[in-house]
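Beneath this line is the structure, given in structure tokens, with notes to follow.
The values are calculated or read from the model by the stated rules, or taken from the named source; none is laboratory data. The shown structure was predicted, so the numbers you read here are calculated from the model rather than taken from an experiment. Cβ coordinates were reconstructed from backbone atoms using ideal geometry, including for glycine residues, and neighbour counts include every protein chain displayed.
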Ligand SMILES: [Fe+2]
């Protein structure tokens, strides 16, 4: 009998997941946040409803929060952030040792570009990842990665970190084989 196929999480460094989010709506909610200017790089932490204190303002980003909550219903979301990168900025090559599916006790980071990807190249293992606004990607960030921002507007991504439960593992593996079959 044929063995079921398994994805090798040590080898696979990128998987596009079968989710398409409304990038225009995410951008409108981002604009409504009215965030302060920054230099180079800025991160905004998003609090899930159960993490908020009574005195916290209600979120003005219902769509973004609902998509984070969608993952939190299936696994435990440990961190959700908006990552802003200024035009001309470069994120030097580095590894995030706890952000790989193959790493024991790791979390997994999903990246959802919101806008500003034009002119930006995200290199993972020296190979560009062709991420587009509204898509959702698993990236094995325990491997070396760097970013070159050669565009003219800021680049804004949503990232969601979560425990790699079996649901998360199956999602990534099934999406990987779908990607393989499509190519
Ligand atoms: Fe990183």
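Here is how the numbers come out for the structure above:
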{"item": "Residue among 132, 89 that alone is at pLDDT 95 or above and within 14 Å of the ligand (Cβ to nearest atom)", "result": "89"}
{"item": "Matching residues in the stretch 1-40 - criterion: being touching a residue at least 12 places away in the same chain (Cβ under 8 Å), closer than 19 Å to residue 86 by Cα, assigned to a loop (DSSP other than H, G, I, E, B) and touching a strand residue (DSSP E or B) at 6+ places or on another chain (Cβ under 9 Å)", "result": "33, 35, 38, 40"}
{"item": "Single residue of the stretch 113-128 satisfying the filter (farther than 19 Å from residue 86 by Cα and part of a loop (DSSP other than H, G, I, E, B)) that is nearest to the chain's Cα centre (by Cα)", "result": "125"}
{"item": "The one condition in (1) more than 21 Å from residue 114 (Cβ to Cβ); (2) buried (at least 16 other Cβ atoms within 10 Å of the Cβ) that residue 50 fails to fulfil", "result": "(2)"}
{"item": "Cβ-Cβ under 6 Å pairs, at least 6 apart or on other chains, the stretch 140-169 side under 15 Å from residue 102 (Cα atoms), far side in a loop (DSSP other than H, G, I, E, B) and within 12 Å of the ligand (Cβ to nearest atom)", "result": "140/100; 141/96; 141/99; 142/95; 142/97; 142/99; 142/100; 144/95"}
{"item": "Test: residue in the stretch 84-92 that is touching a residue at least 24 places away in the same chain (Cβ under 8 Å) and within 19 Å of residue 174 (Cα to Cα)", "result": "no"}
{"item": "Test: residue in the stretch 41-49 that is within 14 Å of the chain's Cα centre (by Cα) and in a loop (DSSP other than H, G, I, E, B)", "result": "yes"}
{"item": "Subset of the stretch 63-112 (residues that are surrounded by fewer than 19 Cβ atoms within 10 Å (Cβ to Cβ), within 14 Å of the chain's Cα centre (by Cα) and over 24 Å from residue 34 (Cα atoms))", "result": "78, 96"}
{"item": "Residue count, the stretch 94-115 (criterion: at positive phi and within 11 Å of the ligand (Cβ to nearest atom))", "result": "0"}
{"item": "Positions within the stretch 141-157 being away from the ligand (no atom under 15 Å from the Cβ) and either within 17 Å of residue 14 (Cβ to Cβ) or assigned to a loop (DSSP other than H, G, I, E, B) (or both), in sequence order", "result": "150, 151, 152, 153, 154"}
{"item": "Members of the stretch 116-126 found to be away from the ligand (no atom under 12 Å from the Cβ) and free of Cβ contacts under 8 Å to residues at least 60 places away in the same chain, listed by number", "result": "116, 117, 118, 119, 120, 121, 126"}
{"item": "Residue check for residue 64: touching a strand residue (DSSP E or B) at 6+ places or on another chain (Cβ under 6 Å) and either away from the ligand (no atom under 16 Å from the Cβ) or over 30 Å from residue 173 (Cα atoms) (or both)", "result": "no"}
